[in-house]
Amino acid sequence: MVKKGKKEKKVKGAEKTAAKMEKKVSKRSRREEEDLEALIAEFQSLDAKKTQVVETACPPPSPRLNASFSAHPEKDELILFGGEFFNGKKTYLYNDLFYYNIKKNSWVKSEIPNPPPPRCAHQAVVVPQGGGQLWVFGGEFASPDGEQFYHYKDLWVLHLATQTWENIKAPGAPSGRSGHRMVLSKRQLLVFGGFHESARDFIYYNDVYAFSLDSFSWSRLSPSGSAPSPRSACQMTSTPDAMGVIIYGGYSKVKAKKDVEKGTIHADMFLLKREGKDDQEKWSWSRVSPAGNKPPSRSGFSLAVGPGGRAVLFGGVCDEEEEETLEGDFYNDLYLYDITKSRWFPAQLRGTKTERKRRRREKREGAEGEGGGEEGMANAPQGPVEVVKEIVTEDGTVMTIKEVIPAARGEEEEEEEEDDEDDDEEEEGKAQTPQVEPCPRSSAMATVRQGKLYLYGGMFEVGDRQFTLSDFYCLDLHKMDRWDVLVEMDPKTQEWLEESESEGDEEEEEEEEEGEGGAKGGQVKEDSAVEASEEESEGDGEDEAEHPPVQEGEMVADYQARTEKYWVGLARTNMGPDAKDKKVAKVGLAMAKVFYEDQ
């Protein structure tokens with residue numbers, strides 16, 4: 001009994017400390033938020049002038065990240081709302097609404113009167129009642145210079161049948177935040193975690209709130225047990241029986257000595273479970289130790305729930321701090337979490353039938369060459385293998401990609417052999433087409449509809465530059481054979497304004513913003529940058545003829561070994577004499593691989 005009392009006091013003490021910190025942050029950031037409230041009010045006044053719904057066929061949305069991407073509960077449509085874009089100088093926030101028609105492969109922009117103000121890092125949940133509703137809570141607005149932040153605590157619902165937005169004003173809502181998570185569990189919207197940040201302070205949350213879709217009221221839950229530490233950007237998935245939710249991973253930071261901020265990537269997992277009847281329900285936290293191969297630590301991953309009660313995790317980034325530098329390893333791998341069995345496993349694309357047949361043939365030939373004894377067994381892969389790839393930009397900057405490839409699954413391959421005899425010329429042609437996959441990224445938007453995973457946008461970094469994406473992919477989770485490219489990534493659409501650019505360009509950019517409605521406008525295009533990019537592309541084309549050609553039937557590893565001296569020399573020329581030999585060698589081999597794949 002004494003120990004229990006001490007534990008309760010400790011929990012209450014932690015809650016008091018968090019409440020004091022929240023009050024401190026709120027007081028210091030109030031003035032900043034008041035400034036931004038005026039800007040937000042201006043956006044809302046512009047939106048208030050709209051009196052009718054206008055739907056316009058349009059190209060895919062502009063590059064963005066931290067938007068919400070949801071599947072329509074009744075139609076073969078996907079709904080994209082909000083998001084952010086940063087071009088190196090200015091931050092743009094959006095409140096535009098797009099519908100993607102899956103069957104027609106087309107986009108429509110829907111302008112509806114009185115929408116929520118611009119935001120990113122919010123949460124959206126679709127529910128089926130009333131012809132379908134999209135619920136949106138919280139999120140963040142930033143000043144164009146990225147120095148001030150406003151965190152929303154508002155709740156909105158988009159009535160999909162009538163195309164109307166409604167602001168739901170209910171007392172007891174969570175405090176303003178972004179990076180939180182929200183899911184539907186029975187007839188409630190559950191909100192967990194998130195963070196609030198100002199120019200001076202920040203606070204991360206681990207509280208849980210429930211919004212009743214019946215009474216339209218908020219309540220703060222007080223689960224028993226040990227809760228996850230405060231965090232944002234975690235996985236939050238409802239259990240198939242709707243009696244609980246799974247929390248996995250996330251990110252938080254603390255201030256260390258001398259006000260140095262230190263980030264933490266979480267890799268733990270918890271179950272928040274509901275017990276009892278609706279009018280007397282109780283909640284409890286318990287720690288979960290999943291089986292299988294967990295994803296390597298990362299933040300900024302994308303998550304969606306697929307068929308069979310499996311959560312699909314894609315990509316993300318792991319920041320590594322070395323002395324005064326901060327480098328991020330971006331991922332484009334897939335992991336599946338079986339919620340019922342509480343088991344992780346990496347998801348490997350199977351490829352077409354012909355590709356699978358070729359892999360098995362090569363495996364058999366390799367086994368015959370090595371012999372079937374203990375030596376052959378020792379050489380067989382026993383578990384997942386980490387593969388490191390590198391992509392090189394024109395200025396020699398390296399972006400590292402880490403992928404974990406699982407061990408071959410013999411039983412499944414044997415079952416597939418029965419269908420291999422049906423491969424025809426068309427299948428052969430497809431197999432020879434290079435496989436395309438999304439490049440490594442974080443903060444992409446993901447959703448699942450009819451057993452297919454859809455992935456849109458996100459960002460990755462190369463050196464000091466941030467590239468925001470607008471490419472679009474689809475993966476059939478039943479077949480797991482290949483990514484279908486719905487919108488290709490076009491490097492020429494990437495915009496990055498260096499700090500050294502003239503103030504005249506900045507003023508011109510501001511004038512264009514005002515013409516498009518301020519920070520809500522799309523990204524600013526720089527004709528000179530595009531022309532320069534085209535000139536560089538033409539120059540590269542002329543130089544390609546001088547590179548060592550790829551010989552017929554030559555594999556990439558053989559090509560790299562044969563031409564290593566040439567490519568390392570070229571990398572040294574581009575990177576300068578001060579670059580480290582090890583990095584130059586890596587860049588050279590990566591350049592060889594890029595050239596090989598282009599041929």
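The values are calculated or read from the model by the stated rules, or taken from the named source; none is laboratory data. As the structure is a prediction and not an experimental result, all values here were calculated from the model. Heads up, the Cβs are rebuilt from the backbone with ideal geometry, glycines too, and the neighbour counts pull from every protein chain shown. With ligands, DNA and RNA removed, areas are computed over all heavy atoms of the protein, side chains included. Shrake-Rupley method; radii C 1.70, N 1.55, O 1.52, S 1.80 Å.
The set of residues in the range 198-215 being of a type in the set (F, W, Y), within 25 Å of the chain's Cα centre (by Cα) and at pLDDT 95 or above consists of Y204, Y205, Y209. The set of residues from the range 318-347 being modelled with pLDDT of 85 or more and either in a helix (DSSP H, G or I) or open to solvent by 70 Å² or more (accessible area, probe 1.4 Å) (or both) comprises T340, K341, R343.
One line per residue, one yes/no per condition, for (1) modelled with pLDDT under 80; (2) surrounded by 13 or more Cβ atoms within 10 Å (Cβ to Cβ); (3) within 28 Å of P116 (Cα to Cα):
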{"site": "V462", "(1), (2), (3)": "no, yes, no"}
{"site": "D484", "(1), (2), (3)": "no, yes, no"}
{"site": "E501", "(1), (2), (3)": "yes, yes, no"}
{"site": "E509", "(1), (2), (3)": "yes, yes, yes"}
{"site": "K525", "(1), (2), (3)": "yes, no, yes"}
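Scanning the range 535-558 for residues that are at pLDDT 85 or above, under 19 Å from G569 (Cα atoms) and assigned to a loop (DSSP other than H, G, I, E, B) yields a total of 4. From (1) under 18 Å from R287 (Cα atoms); (2) touching a residue at least 60 places away in the same chain (Cβ under 8 Å), pick out the condition that doesn't hold for L213. Failing condition for L213: (1).
Restricting the range 187-238 to residues that are among the charged types (D, E, K, R) and part of a strand (DSSP E or B), the residue that is surrounded by the fewest Cβ atoms within 10 Å (Cβ to Cβ) is R220. In the range 239-250, the count of residues that are part of a strand (DSSP E or B), in contact with a Gly (Cβ under 8 Å, 6 or more places away or on another chain) and open to solvent by 10 Å² or more (accessible area, probe 1.4 Å) is zero. Filtered by the rule that a residue be in a loop (DSSP other than H, G, I, E, B) and of a type outside the set (S, T, N, Q), the range 280-317 gives E281, P290, K294, P295, P296, R298, G300, F301, P307, G308, G309.
D476 meets each of the listed conditions (1) at pLDDT below 65; (2) surrounded by fewer than 18 Cβ atoms within 10 Å (Cβ to Cβ) apart from (1). Filter the range 162-186 down to the residues that are within 19 Å of I246 (Cα to Cα) and not aliphatic (A, V, I, L, M), then identify the one that is surrounded by the fewest Cβ atoms within 10 Å (Cβ to Cβ). Checked the range 162-186; the qualifying residue surrounded by the fewest Cβ atoms within 10 Å (Cβ to Cβ) is K186. Residue under question is S284, and the condition is that it be of a type outside the set (K, R) and either open to solvent by 40 Å² or more (accessible area, probe 1.4 Å) or under 23 Å from G328 (Cβ atoms) (or both); does it hold? The answer is no for S284.
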